[in-house]
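What follows is a single structure, written as structure tokens, with notes after it.
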């Protein structure tokens with residue numbers, strides 16, 4: 001309803017509910033802001049959340065803790081709403097924090113599984129690292145600007161020292177890197193697939209992982225005056241999108257393949273932010289949420305129908321006759337993800353890739369080819385998923401295949417997302433440029449639309465289709481005989497987690513143990529509570545002993561006082 005009113009009048013609304021802090025000239029309110037950006041993000045959050053809740057009613061129907069799951073999922077949606085419509089960075093941070101905490105509860109929902117608990121712990125710890133950078137950014141805003149609301153910062157940014165803006169931009173990029181699973185802080189995303197499929201569809205499609213991109217777009221007035229940080233964000237997105245695509249083409253877990261594609265698409269959004277195309281980034285976030293949620297729901301339908309509930313695509317095969325509706329849903333979502341003309345993904349994704357070339361800079365040219373490589377890899381792993389799951393020869397036993405069936409209640413919300421995955425992109429040209437991002441006046445996408453040669457525009461599509469066709473027809477011969485060293489390197493996720501554990505985490509734990517022994521249990525106790533209590537005790541005893549010693553040893557010195565006291569008391573009598 002609010003989105004409809006905004007569509008009618010295009011007038012941002014801010015509702016202040018009260019003040020957190022009134023301290024001198026520092027006034028930190030709490031309230032909600034309903035502008036083009038927040039309402040654009042709220043549409044996929046609201047629609048996908050409703051679809052996922054309807055899907056979860058059937059998916060979790062036999063779980064003894066189903067009600068607890070649905071309540072937790074609803075609480076997650078509540079705090080995601082707080083994050084999106086908060087009217088300053090502190091409100092956003094409250095939503096940001098609670099989204100991370102509730103995601104821990106959802107990923108570890110099946111708490112009897114050790115792997116689920118370990119995955120949830122990994123997710124919350126890596127997210128806490130990003131939260132730390134966000135807190136430092138909040139502290140800097142209060143220190144230098146005496147405010148955390150968007151309007152004050154937007155007005156002050158053009159007149160602020162570039163070093164401060166660069167530091168703020170870097171901190172926000174690092175916070176978004178953790179939340180949106182970019183290279184370096186991405187290890188938690190694949191492990192989070194241990195949670196139930198509705199959790200994956202909600203957290204890793206429309207809401208939580210998009211929070212980082214949303215905060216960066218919301219902070220465009222800071223990033224635009226920190227071009228070095230924008231360039232760094234662009235390269236981070238380019239490297240992440242290629243690496244995630246390479247890992248996805250050798251991954252066999254169906255949910256992990258889709259999670260890696262989420263990581264890749266978030267990197268595409270980061271590329272758009274890096275070339276100042278903030279409206280394109282938000283538009284891709286808007287469109288991507290629907291077909292990615294549909295992919296996860298389709299994968300959940302396959303897993304749910306399989307008696308062993310296996311997630312390994314190598315145990316599937318020839319499921320198309322048994323699951324025609326799920327196959328149709330995954331096919332449409334995959335084609336939209338591959339940016340096939342006529343579907344939603346094409347209208348939001350391809351213009352970002354073209355915009356990289358349309359910047360006419362060296363980094364833009366290089367990252368254009370990175371993005372083309374990523375789009376090609378997206379086509380390859382999407383077709384591989386379809387081939388192994390639905391078109392390959394059957395790999396399961398006869399009994400398992402005989403029990404496979406569609407679940408009608410799970411298909412109903414998928415139909416809604418199928419429609420969105422087909423038609424949503426048709427309204428693109430009346431949407432781009434309407435996000436109220438008045439600074440900068442960035443219209444390079446117009447040049448991109450009308451000045452690029454046709455082969456630059458069609459290169460991602462041509463390469464994607466060619467290699468996908470090659471993969472389908474030569475899978476048994478070419479794909480399986482890939483160089484084993486490269487295959488092992490990619491199937492072990494470029495050994496990043498091993499490096500992270502052995503070089504960073506183990507060393508950090510060792511350092512933490514040393515600091516605990518010598519600082520927490522040593523120096524701080526001596527100077528803190530233990531030392532203070534002992535000092536108070538010993539100082540009192542020392543004073544008493546010294547007084548007694550003074551009286552005994554230096555009797556002449558105290559004699560006049562004693563005689564005076566005796567005389568005074570005798571006189572009273």
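Looking at 331, 294, just one residue is surrounded by fewer than 24 Cβ atoms within 10 Å (Cβ to Cβ), modelled with pLDDT of 90 or more and within 22 Å of residue 408 (Cα to Cα), and that residue is 331.
Condition check: assigned to a helix (DSSP H, G or I), within 23 Å of the chain's Cα centre (by Cα), more than 20 Å from residue 241 (Cβ to Cβ) and not assigned by TED's automatic domain parsing to the domain that holds residue 256. Does residue 131 satisfy that? When the stated conditions are applied, residue 131 passes them. Scanning region 22-45 for residues that are assigned to a helix (DSSP H, G or I) and surrounded by fewer than 17 Cβ atoms within 10 Å (Cβ to Cβ) yields one hit, 43.
Those helices (runs of 4 or more DSSP H) of region 247-344 in which at least 1 residues are in contact with a strand residue (DSSP E or B) (Cβ under 8 Å, 6 or more places away or on another chain), considering only elements entirely within it, cover 254-274.
For region 97-128, the tally of residues that are in contact with a helix residue (DSSP H, G or I) (Cβ under 8 Å, 6 or more places away or on another chain) and not in a helix (DSSP H, G or I) stands at 5.
Let's see how each residue does on (1) in a helix (DSSP H, G or I); (2) in contact with a strand residue (DSSP E or B) (Cβ under 9 Å, 6 or more places away or on another chain); (3) modelled with pLDDT under 90; (4) buried (at least 23 other Cβ atoms within 10 Å of the Cβ):
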| position | (1), (2), (3), (4) |
| --- | --- |
| 140 | yes, no, no, no |
| 143 | yes, no, no, no |
| 155 | yes, no, no, no |
| 166 | yes, no, no, no |
| 178 | yes, no, no, yes |
| 185 | no, no, yes, no |
| 213 | yes, no, no, yes |
| 232 | yes, no, no, no |
| 238 | yes, no, no, yes |
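The values are calculated or read from the model by the stated rules, or taken from the named source; none is laboratory data. All figures in this text were calculated on a predicted structure; none of them were measured in a lab. We place every Cβ from the backbone using ideal geometry, glycine too, and count neighbours over all the protein chains shown.
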